[in-house]
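Please read the structure below before turning to the comments.
The values are calculated or read from the model by the stated rules, or taken from the named source; none is laboratory data. Being a predicted model, the structure only gives us computed values, none of them experimental. As a convention, Cβ positions derive from the backbone with ideal geometry for all residues, glycine included, and neighbour counts pool all protein chains shown. Keep in mind that these areas ignore ligands, DNA and RNA; they rest on the heavy atoms of the full protein, side chains included. Shrake-Rupley method; radii C 1.70, N 1.55, O 1.52, S 1.80 Å.
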Amino acid sequence: MALFNRKKDPAADENGGEAEEFSPQPEKARKWFEHAKSMADSSNFNSALVYYANGIRLDPAALSAHEAMIEVALKHYAAEGKKASAKDVKVVDGSHPVEKFAAAELSWLSNYGRPSLAIKALSAAVEAEQLEFAYMIAPRVLVLVSRAKKVSRA
């Protein structure tokens, strides 16, 4: 249907908006991962997590990067590091599900002990269709949730 001489794009979604397409950029992501590794090697865990998240935003299927990010997160958690700032998370976040996934993963891994953030990261992974990652972290999330303090309603 043409309204005001504009034809609807056949690639548009059912809501009438433009269909969002994601194309991975592994070469750009690799540079982010290299910077993240050098930050982690110098014990700058918070920056390393942010760099990993930026790389994952470009190539979410890189499971080795996710594994490395989890290792950095565990070191960050053991060193009682600070959670990622809202500014850092906002830089990674965007409107596409993959960007939301990268932001949710950064939020969780910078504050590893919070089960609610782990569940949000798992949910965002499923929304972004990153099922291999979801399968990989599901046992971790289950352990975090089972160790969480029970809320009494009394």
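Cross-linked pairs K31/K82; K120/K149; K37/K75; K28/K82; K82/K149; K37/K120: Cα-Cα separations exceed 23 Å for K31/K82; K28/K82; K37/K120. Across L49, L131, L63, the residue with the most accessible area heads the list, and the full order at a 1.4 Å probe is L131, L63, L49. Among the GluC sites (Glu not before Pro) in segment 70-146, those located in a DSSP loop and surrounded by at most 16 other Cβ atoms within 10 Å of their own Cβ are E80, E129. Per residue, the average separation of C-alpha pairs within less than 8 Å and at least 6 apart gives segment 41-154 a relative contact order of 25 percent. Projecting label points 7 angstrom from Cα along Cα→Cβ for A79 and S43 puts them 0.7 nm apart. For D93, the accessible area of its heavy atoms, probed at 1.4 Å with every protein chain present, is near 70 square angstrom. Ranking of Y77, Y135, Y112 by solvent-accessible surface, largest first: Y135, Y77, Y112 (1.4 Å probe, protein heavy atoms only, all chains present). Counting 0.36 nm for each residue step from K31 to E129 and taking away their Cα separation leaves a gain of 32.9 nm. For segment 57-101, the list of trypsin sites (Lys or Arg not before Pro) that fall in a loop by DSSP and count at most 14 other C-beta atoms within 10 angstrom reads K82.
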